[in-house]
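Here the structure is laid out as structure tokens; the discussion comes afterwards.
The values are calculated or read from the model by the stated rules, or taken from the named source; none is laboratory data. Computed from a predicted model, the values in this text were never measured in an experiment. Virtual Cβ from ideal backbone geometry, glycine too; neighbours counted across all protein chains shown.
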Amino acid sequence: MTKKAIYLDYAAATPMEPLVLEAMEQYFVNNFYNPSASYLAAKAVKKDINHARAEVAQQLGTRPAEIIFTAGATEANNQAISGVMRNFPEGEVLVGAIEHDSVRGPANLFNCREIPVTSQGLVEPSAVKKLISDRTVLVSVGLINNEIGTLQPMKEIASLILLVRDDRREKGNKLPIYLHSDAAQAGCYLPLNVSKLGVDMMSINGGKIYGPKQSGALFIKSGVKLLPLIVGGGQEWGVRAGTENVANIIGLSKALVLAQTRRTQESKRVAELRSIFIDALLARFPYLQINGSPKHHGPHIASVTLPGLDNERLMMELDELGVQCAVGSACSASNREPSHVLTAIGLNSDLARFTLRFSFGLHTTNDEVLSAARKLCQVASPNR
Ligand code: PLP
């Protein structure tokens, strides 16, 4: 039997939890009914969806009517951004320069400007303030960046948006301004209370919290004026038509409850693993560069630059030694353009090519991170 690989790419995908799979199973064969059908068995499935919606709403500190289920965070981000911008075509959207492509993609279909970040990847409220104009209708900033792990000052950005609203009210500018956050990487590690964060919309991703891929949710605060992306049978309050993916909805809600329940202890444990890993690397590579903010970061992501060492080669050799990690994000791994995240924080294209992402999770152990660090030292050795 081949030895189990050391998986250090939890920011790309998480293995589904047995309890999540168990909760989903009945909806494939036994409870396969269309939730919109009128007989009792179908109504029971509808009730289960509503229960799942209530659970997600509770985790986000909001009401079920403000939650729609989506097929992952890409769709949630598209719905939030295109939904608002299509409603306000003369408006403008501001997005952080290090946002995921599923935010940048839809934003770039409209009037869009990027908010520059600091060398640590922080979106400073002052930078947002400088860019907001009378026609800004949406600001989108992700909670935890997927490549370098930087955690954004969402509450401060939200306070700024409130001031802009007050100012517009005084000036009689009726254009709304909304704050959206892509929280795809945050579900296991941060409290997601939308009022405390101050967001008007927030995207959740089941595939990053030990739930099914292509499961997700979008919080849309009541009063936010957006158009649906997918029209048809009127499901999901008319915002996301199509027969519900019942199993995925149930899986997402179960995964979110489990992730949020163990959030505090798991954040601490994973942060320790990250430190152990980085310390072990620093002992061998004093010139190692750790990207992102040393103070404000998600606990599970370590982006490291090893000057002079090609990341593709390191990644492939690590893979052969049984360590799975990423060059940048999984989504951009196939294109050889330097990562927009790394260039936005000031790395030149060479340094971006010398950068690997390691991300930790539920099944990562002390021994694994130490072994991975040893193996990285081995493949990075000049005598190989
Ligand atoms: N947003 C962030 C921050 C992500 O990390 C990802 C996936 O890597 C996504 C959005 C898109 O998620 P999905 O491809 O599951 O829709």
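Within 16 Å of the ligand (Cβ to nearest atom), more than 30 Å from PHE354 (Cβ to Cβ), in contact with a strand residue (DSSP E or B) (Cβ under 8 Å, 6 or more places away or on another chain) and aromatic (Phe, Trp, Tyr): which single residue out of PHE88, PHE110, PHE69 fits that description?
That would be PHE69, the only listed residue that is within 16 Å of the ligand (Cβ to nearest atom), more than 30 Å from PHE354 (Cβ to Cβ), in contact with a strand residue (DSSP E or B) (Cβ under 8 Å, 6 or more places away or on another chain) and aromatic (Phe, Trp, Tyr).
Identify the residue in the stretch 121-153 that is within 21 Å of HIS297 (Cβ to Cβ) and either basic (Lys, Arg) or more than 18 Å from the chain's Cα centre (by Cα) (or both) and, among all such residues, is surrounded by the fewest Cβ atoms within 10 Å (Cβ to Cβ).
SER126
Please work out if GLU66 is touching a Gly at 6+ places or on another chain (Cβ under 9 Å) and touching a residue at least 40 places away in the same chain (Cβ under 8 Å).
The answer is no for GLU66.
Give the residue that is nearest to the ligand (Cβ to nearest atom), with candidates limited to residues of the stretch 14-53 that are among the basic types (Lys, Arg) and more than 23 Å from the chain's Cα centre (by Cα).
The qualifying residue nearest to the ligand (Cβ to nearest atom) is LYS46.
Which condition number in (1) more than 16 Å from the ligand (Cβ to nearest atom); (2) within 18 Å of the chain's Cα centre (by Cα); (3) assigned to a loop (DSSP other than H, G, I, E, B) is the one that GLY234 fails?
Against the list (1) more than 16 Å from the ligand (Cβ to nearest atom); (2) within 18 Å of the chain's Cα centre (by Cα); (3) assigned to a loop (DSSP other than H, G, I, E, B), GLY234 comes up short only on (2).
Which residues, counting only those in the stretch 70-103, are closer than 24 Å to SER339 by Cα and either free of Cβ contacts under 8 Å to residues at least 24 places away in the same chain or among the β-branched types (Val, Ile, Thr) (or both)?
THR74, ILE81, VAL93, VAL95, ILE98, VAL103
Pick from the stretch 320-375 the residues that are among the hydroxyl-bearing types (Ser, Thr, Tyr), in contact with a strand residue (DSSP E or B) (Cβ under 8 Å, 6 or more places away or on another chain) and part of a loop (DSSP other than H, G, I, E, B): which of them is modelled with the lowest pLDDT?
SER329
Would you pick out the residues in the stretch 237-248 that are over 17 Å from GLN79 (Cα atoms) and either assigned to a helix (DSSP H, G or I) or aromatic (Phe, Trp, Tyr) (or both)?
VAL246, ALA247, ASN248 - these are the residues of the stretch 237-248 that are over 17 Å from GLN79 (Cα atoms) and either assigned to a helix (DSSP H, G or I) or aromatic (Phe, Trp, Tyr) (or both).
Checking ALA11 against (1) assigned to a loop (DSSP other than H, G, I, E, B); (2) within 16 Å of the ligand (Cβ to nearest atom); (3) surrounded by fewer than 21 Cβ atoms within 10 Å (Cβ to Cβ), which test does it fail?
(3)
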